[in-house]
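S.K.: I'd like to ask some things about the structure below.
The values are calculated or read from the model by the stated rules, or taken from the named source; none is laboratory data. None of these values were measured; they are calculated from a predicted model. Counting neighbours? That spans all protein chains shown, and the Cβs are built from the backbone with ideal geometry, glycine included. Accessible surface is based on the protein model in full, side chains and every heavy atom, while ligands, DNA and RNA are left aside. Shrake-Rupley method; radii C 1.70, N 1.55, O 1.52, S 1.80 Å.
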Amino acid sequence: VDLEERLHELDLRSDSDIPDVPPPTDSTPEILKSALSGLSARWKNWWIRGILSLAMISGFFLIIYLGSFMLMLLVLSIQVKCYHEIITIGYRVYHSYDLPWFRSLSWYFLLCVNYFFYGETVADYFATFVQRREQLQFLIRYHRFISFALYLTGFCMFVLSLVKKHYRLQFYMFAWTHVTLLITVTQSHLVIQNLFEGMIWFLVPISSVICNDITAYIFGFFFGRTPLIKLSPKKTWEGFIGGFFSTVVFGFIFSYFLAQHQYFVCPVEYNSETNRFVTECEPSELFQMKKYSVPPLLQAVLGWETVNMYPFQMHSFALSTFASLIGPFGGFFASGFKRAFKIKDFADTIPGHGGIMDRFDCQYLMATFVHVYITSFIRGPNPSKLLKQLLILQPEQQLSVYKTLKSHLVEKGILQPSLRG
Amino acid sequence: LQESESENRLDGETASDSESKSEFGGSSPVPTSDDTPEVLNRALSNLSSRWKNWWVRGILTLAMITFFFIIIYLGPMVLMTIVMCVQIKCFHEIITIGYNVYHSYDLPWFRTLSWYFLLCVNYFFYGETVTDYFFTLVQREEPLRILSKYHRFISFALYLTGFCMFVLSLVKKHYRLQFYMFGWTHVTLLIVVTQSHLIIHNLFEGMIWFIVPISCVICNDIMAYMFGFFFGRTPLIKLSPKKTWEGFIGGFFSTVLFGLLLSYVMSGYRCFTCPVEFNNDTNSFTVDCQPSELFQLQDYNIPVLLHSVLGWKTVRMYPFQIHSIALSTFASLIGPFGGFFASGFKRAFKIKDFANTIPGHGGIMDRFDCQYLMATFVNVYIASFIRGPNPSKLIQQFLTLRPDQQLHIFNTLKAHLVDRGILGSLEDA
């Protein structure tokens, strides 16, 4: 009987064996509490959420105003906080507080992977800055080897830290760390790559996801009737569809405004003379007004025959569609995760909203999508990076590449064949 | 029997593995079925069981090594196929262990989803490789060209489909199990699939970069075992009680020596040292080139200390042999950590072997656990110290640029070549 009881306790078939997580502490500031003390609990919660939402959005605009460097720092801080939140959940699930070395190893792996990714980005974008300094040259040239060596050190430390009675726990935490790194760190770097492409590629996707969240909630609040998915009982089809259409319209309008300013549209570049980031360029054709013919079907509705739009607005349509249709799956994934591990929120960082991960769960898929979208449909490879690689080749290779390129250019008529090339 | 079975069904929620009262050896897992072919069984039936085991292992080792040589002889295409098969089998073994640990046979969709993710990730990696190496072939065929131009987008869309299917397949009582299996699948993909593709990249660099590392790891395994067998006294690490310091150090020196000798023999043959290329006219792989300076004999001065020992003042060696010392050192010193990791994994999940595929040896993963770190190391080593970027990939990227960008790069390259005297300024080359 004792054996059977133990089996039942340990059986993973039901999720009922996880110990209850202690109720989250209320981190609402005292000021807010006293101001809202007269309202009922439901409205109080609504007001707290509303105020915090406004606070976050204002904070967001402030950082945008402060520029790309601050944005990068913000992305980095969010990444570290998300990583911390997920790792803490893992610790709680596995009672791992007393595992030797494990906290240090998790943070060490975070450092390694960040070093690897930042090294790749820095080398690309700060090429001139790097060329001038000898030590950086060495670090860049052997960057992959150094990153790999750092990672291997962590791996060997893990193997040496295996303790007899805790093997399985340690392997679980190792895997948990790696999956978390995969999710949070790679995506935060994709966000930064998108940012360097032009701040508009950073702002429009993030705003579309936020808009979809808010408008889906509002439509659901007023019109919600049919449940959408068992995982999140509060979501409804009305909210989903209403959110979709509002987000598309919002994306259109928001892109229209942003596309007019060089500050948002130009790729971020690092000026080595002034040691600052600059966003100044000739706007690419994506951001120049063009006339589009309205399809006959819509002519009657809108009353116009042609419309002046930025080509970017067509792309914003794709981005908003993804944000509304697929982005929520990131939210469902996070909901499923929270139910699986019986937590209400990832953490208590933001009063009324939960942890940072709670706000960013939909953003992750979006960041990857925007990055893949840009590399597939918008820009080609970076010409200066290509040139740099060409110049590292062996002379015979350079010569053969030169001949291939020349024949290609002549064939396409870009280069006139002449005796003096 | 019931008690030992119950010990096997422990999940990860316990704070320590000590809930099982017995040691690893005592709690016997489901006995592995004996895969040894009948022929061998009869031939060895009159030997004691310890020697029988030794003979079975020995014969299978020789069989695997012979098989390895045959595959090398058959060429790069067959090698690639074998690497692919090994990868799939390793993935299958690790996923099966996950299933056994979590009793996940009746989870909806999960087998399908695991194999689907394997397919996606392989499609992504093979697409990147194919585009690099089969560039002209791809450009000629219209459907292939579109697939390669939007390759990343297509791969991402395929992966997303799998992700959404996973979210939709979440079932109320099994959330945690499903998330565990999702994580298990992804970590397995990370380990198995990425490394098998790095092996194929190494292979394309030249078969010597594939054969020497793998042989060094195998040699280290065998030599460390032999040294341990004859001289072993001081245990090396608690995880693997059979390993000893004598075996470790003896294996290190033998492997370095073996690496030097093997590289010497192989560097003389073009079929091993030349990068594998795809010939568009004959539609087959060729290994034909001017050997790079890595594979041309050079005179090296022996350090004064070794003069008296060896009796020579200079020695003729291939530069590649110096690199082989680095490879062998890694295989002997760090490679075993891959083996310890796998031992820890087996102890954590209370299995004796990954599977029963190879009689006497266990599963494919048991043979390949040390190889994985090696493959990544060789790839990083080549990228950092040996070759620069791949010219055909650069050409491919160049062709996607805009005409004005192309012209700018062409002119800069031309100026650079003229500057270096590689191109005469008036020649039309």
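S.K.: Using a/c under 1.5 as the rounded threshold, could you call region A:232-299 rounded, prolate or oblate? The axes a ≥ b ≥ c are square roots of the C-alpha gyration tensor eigenvalues, and prolate needs a/b larger than b/c, oblate otherwise.
M.R.: Oblate, because a/c is 1.5 or more while a/b does not exceed b/c.
S.K.: Quick one: buried accessible area between A and B, total over both chains, 1.4 angstrom probe, nearest 100 Å²?
M.R.: 8700
S.K.: Moving on. At a 1.4 Å probe radius, which order do B:Tyr372, B:Tyr73, A:Tyr402 fall into by accessible area, largest first?
M.R.: Greatest to least solvent exposure: B:Tyr73, B:Tyr372, A:Tyr402.
S.K.: When a/c is below 1.5 the answer is rounded, else prolate if a/b is larger than b/c, else oblate, so apply that to region A:250-342 with a ≥ b ≥ c taken from the square roots of the Cα gyration tensor eigenvalues.
M.R.: Verdict is oblate for region A:250-342.
S.K.: Under the rule of at least 5 residues apart or a separate chain, name every residue whose amide H is placed under 5 Å from the amide H of A:Ile229.
M.R.: Sorted by chain and number, the residues that satisfy this are A:Lys235.
S.K.: Another one. When the solvent-accessible surface of protein heavy atoms is calculated with a 1.4 angstrom probe, in what order do B:Tyr126, B:Tyr175 fall, highest first?
M.R.: Listed by decreasing accessible area, they come as B:Tyr126, B:Tyr175.
S.K.: Quote the relative contact order of region B:171-253 in percent (integer), defining contacts as alpha-carbon pairs under 8 Å separated by 6+ residues.
M.R.: Averaging sequence separation for qualifying contacts and normalising by length gives 20 percent for region B:171-253.
S.K.: Pairs on different chains or at least eight residues apart, Cα atoms closer than 19 Å: how many lysine pairs in region B:207-387 fit?
M.R.: 8
S.K.: Taking amide H positions as placed in the peptide plane 1.01 Å from N, state which residues far from B:Phe354 in sequence (5 or more) or on other chains have amide H under 5 Å from it.
M.R.: HN-HN under 5 Å from B:Phe354: B:Gly363, B:Asp366.
S.K.: While we're on this one: Name the residue from B:Pro336, B:Cys271, B:Val380 whose Cα lies farthest towards the positive end of the charge dipole of region B:207-387, charges +1 on Cβ of Lys and Arg and -1 on Cβ of Asp and Glu.
M.R.: Farthest towards the positive end: B:Pro336.
S.K.: Could you give me the ³J(HN,Hα) list for region A:51-65, computed from phi with Karplus coefficients 6.51, -1.76, 1.60 and θ = phi - 60°, whole Hz, x at Gly and Pro?
M.R.: Karplus-based 3J(HN,Hα) across region A:51-65 equals 4, 5, 4, 4, 4, 5, 5, 4, x, 4, 4, 4, 5, 4, 4 Hz.
S.K.: In whole angstrom, and with the biggest value first, how far do the Cα coordinates of region B:207-387 range along each principal axis?
M.R.: Principal axes ranked by extent give 54, 52, 29 Å for the Cα atoms.
S.K.: Additional query: Given H placed 1.01 Å from N in the peptide plane, which residues other than close sequence neighbours of B:Ile237 have an amide H under 5 Å from its amide H?
M.R.: B:Lys243
S.K.: Can I ask one more? Highest mean first, how do A:157-169, A:208-220 rank when packing is the count of other Cβ atoms within 10 Å averaged over residues?
M.R.: Ranking the peptides A:157-169, A:208-220 by packing returns A:208-220, A:157-169.
S.K.: Which whole-number percent gives the relative contact order of region B:207-387, counting Cα pairs below 8 Å spaced six or more residues apart?
M.R.: Relative contact order here is 22 percent.
S.K.: Kindly report, to the nearest 10 Å², the accessible surface of B:Arg111 as traced by a 1.4 Å probe over protein heavy atoms only.
M.R.: 110
S.K.: Taking all protein chains together and a probe of 1.4 Å, list A:Ser324, B:Ser292 from the most accessible to the least accessible.
M.R.: Ranked list, largest accessible area first: B:Ser292, A:Ser324.
S.K.: Apply the Karplus parameterisation 6.51 cos²θ - 1.76 cosθ + 1.60, with θ equal to phi minus 60°, to every residue of region B:252-267 and state each ³J(HN,Hα) to the nearest whole Hz, in sequence, with x for glycine and proline.
M.R.: Each residue's phi maps through the Karplus curve to give 4, 5, 5, 5, 4, 4, 4, x, 4, 5, 4, 5, 4, 5, 6, 5 Hz.
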